[in-house]
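Step one of this worksheet: look at the structure below.
Read-outs throughout are calculated quantities, based only on the coordinates presented, and are distinct from any laboratory measurement. Just so you know, these numbers come straight off a predicted model, no measurement behind them. Don't worry about glycine lacking a Cβ; one is built from the backbone with ideal geometry, like all the others, and counts go over all protein chains shown.
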Amino acid sequence: MSRGSPTWQCISGCGACCRLDPERRGEALAALDAQQRATYLDLVGPDGWCRHFDTGNRRCRIYSDRPDFCRVQRLLALFGQEGEDFDSFAIACCLQQIRSEAGGRGRVLRRFRRAIRRQP
């Protein structure tokens, strides 16, 4: 039984993209305009996590009102990758960030990999 191409999905309880530490997310800062960069830096808490990320429950407290650069659907435009395949690009970005935060063999990475599999 063959499977189709993976489809990007956000998984609950991950939050890897909420780690905003500027020293670790230089590529994200470089992709933002001046106003977005100021907003981004204002969101960084003393521990490097977004100040709106509930680290205990691993969820965003402002999810429905989060800035545009927090929306994965905006990745192609932010990184100048229009014309690229959204799913492939978003999956690559998430894999990189999850590995960076949770390691390459963690539970979050396994859950993400299961979530993105597309059934025929």
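Could you look through the stretch 65-88, keep only residues that are of a type in the set (A, V, I, L, M) and within 14 Å of the chain's Cα centre (by Cα), and pick out the one that is surrounded by the most Cβ atoms within 10 Å (Cβ to Cβ)? Here the answer is LEU75.
For the stretch 8-32, filtering for residues that are loosely packed, with under 13 Cβ neighbours inside 10 Å, part of a helix (DSSP H, G or I) and either charged (D, E, K, R) or touching a helix residue (DSSP H, G or I) at 6+ places or on another chain (Cβ under 6 Å) (or both) leaves 1. Any residue at all in the stretch 33-52 that's loosely packed, with under 14 Cβ neighbours inside 10 Å, assigned to a loop (DSSP other than H, G, I, E, B) and either hydroxyl-bearing (Ser, Thr, Tyr) or touching a strand residue (DSSP E or B) at 6+ places or on another chain (Cβ under 6 Å) (or both)? Scanning the stretch 33-52, I find no residue that is loosely packed, with under 14 Cβ neighbours inside 10 Å, assigned to a loop (DSSP other than H, G, I, E, B) and either hydroxyl-bearing (Ser, Thr, Tyr) or touching a strand residue (DSSP E or B) at 6+ places or on another chain (Cβ under 6 Å) (or both), so the answer is no. Looking across ILE62, ILE116, ILE91, one residue alone is of a type in the set (Val, Ile, Thr) and surrounded by fewer than 16 Cβ atoms within 10 Å (Cβ to Cβ). It is ILE62. Remark: pairs (first residue in the stretch 33-52, over 17 Å from ASP65 (Cα atoms); second residue of a type in the set (Val, Ile, Thr); Cβ separation under 9 Å; 6+ apart in sequence or on different chains) = ASP47/THR55; TRP49/THR55.
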